[in-house]
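To start, the structure under review is shown below, and the notes come after it.
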């Protein structure tokens, strides 16, 4: 009688054979699952975002750029013995106008800032060399009564600009956009001059030099090139008060008229800068 192969095996041998077959199939599956889990972990680790840049800290750096100065100038000639009233009015009118100039600006800045979330606040001070001379001259007019030409001119000179300003900004990782405003300092040298060809000829001068305190406001953008070096672009509008000077127009015959001149001052600067963050 023919007995099938499977039937000829005892139950114990069949169990051992099944276990061997299961083990043979399970080991590759287990190894594949382990490899897949490891690969998935590696992908997740590689895709983890880098920590965002933190702006908190103190810094110092250098800046450079260009700037303009502008002044509204006025002239007042009071009654006297050299110019008659009609001539006084003409000189006062023709000695009033505006002047402007531009030049290089450069210096340094230092400050500290603090970041919480995306909000950044800080305090900064800077000092820049900024030499400008805004000049106004009128040499095309005639004294209506004396019938002779006269020349009147005014100038305002500055040599530096310094500011102390809070900064308020919003950070987006390595980018920082901010507004700023505070107090500004400079020194203005003011001169007004006058000359005519009357008989006798009249000449006059009024000068003043004054330290000025004003206000400034502006905005900027800063980018972190590395953890310790940043680059920025910044614009500032700065306004100061009036500088006045009192002098006199005189002639060889003893005639005189009091001469009063004044000028305000507005500065605008656009600068690029580099900071080293501590």
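The values are calculated or read from the model by the stated rules, or taken from the named source; none is laboratory data. The model shown is predicted, which means the values in this text are computed figures rather than measured ones. Don't worry about glycine lacking a Cβ; one is built from the backbone with ideal geometry, like all the others, and counts go over all protein chains shown.
Here are some notes:
- Scanning region 197-214 for residues that are without any contact (Cβ under 8 Å) to a residue 40 or more places away in the chain and over 30 Å from residue 255 (Cβ atoms) returns 211, 213.
- Filter result for residue 67 (in the same structural domain as residue 240 (by TED's automatic domain parsing), closer than 21 Å to residue 268 by Cα, modelled with pLDDT of 95 or more and surrounded by 10 or more Cβ atoms within 10 Å (Cβ to Cβ)): yes
- Residue check for residue 200: part of a strand (DSSP E or B) and surrounded by fewer than 17 Cβ atoms within 10 Å (Cβ to Cβ): no
- The set of residues from region 108-141 being surrounded by 18 or more Cβ atoms within 10 Å (Cβ to Cβ) and under 21 Å from the mean Cα position of the chain (by Cα) comprises 109, 111, 113, 115, 120, 122, 124, 126, 128, 130, 132.
- Against the numbered list (1) under 30 Å from residue 78 (Cα atoms); (2) surrounded by fewer than 15 Cβ atoms within 10 Å (Cβ to Cβ); (3) touching a strand residue (DSSP E or B) at 6+ places or on another chain (Cβ under 9 Å), residue 257 comes up short only at (2).
- Condition met for residue 164 (at pLDDT 95 or above, part of a strand (DSSP E or B) and within 20 Å of residue 250 (Cβ to Cβ)): no
- Within region 87-132, being under 30 Å from residue 148 (Cα atoms) and not in a helix (DSSP H, G or I) holds for 95, 96, 97, 98, 99, 100.
- Checking each residue in region 41-64 for being modelled with pLDDT under 95 and surrounded by 11 or more Cβ atoms within 10 Å (Cβ to Cβ) picks out only 52.
- Scan region 145-163 for residues that are surrounded by fewer than 19 Cβ atoms within 10 Å (Cβ to Cβ) and within 18 Å of residue 67 (Cα to Cα) and the total you get is 4.
- Matching entry among 199, 208, 245 (being modelled with pLDDT under 95 and over 22 Å from the mean Cα position of the chain (by Cα)): 199
- The residue list 190, 194, 137 contains one member that is touching a helix residue (DSSP H, G or I) at 6+ places or on another chain (Cβ under 8 Å) and either assigned to a loop (DSSP other than H, G, I, E, B) or under 18 Å from residue 263 (Cβ atoms) (or both), which is 194.
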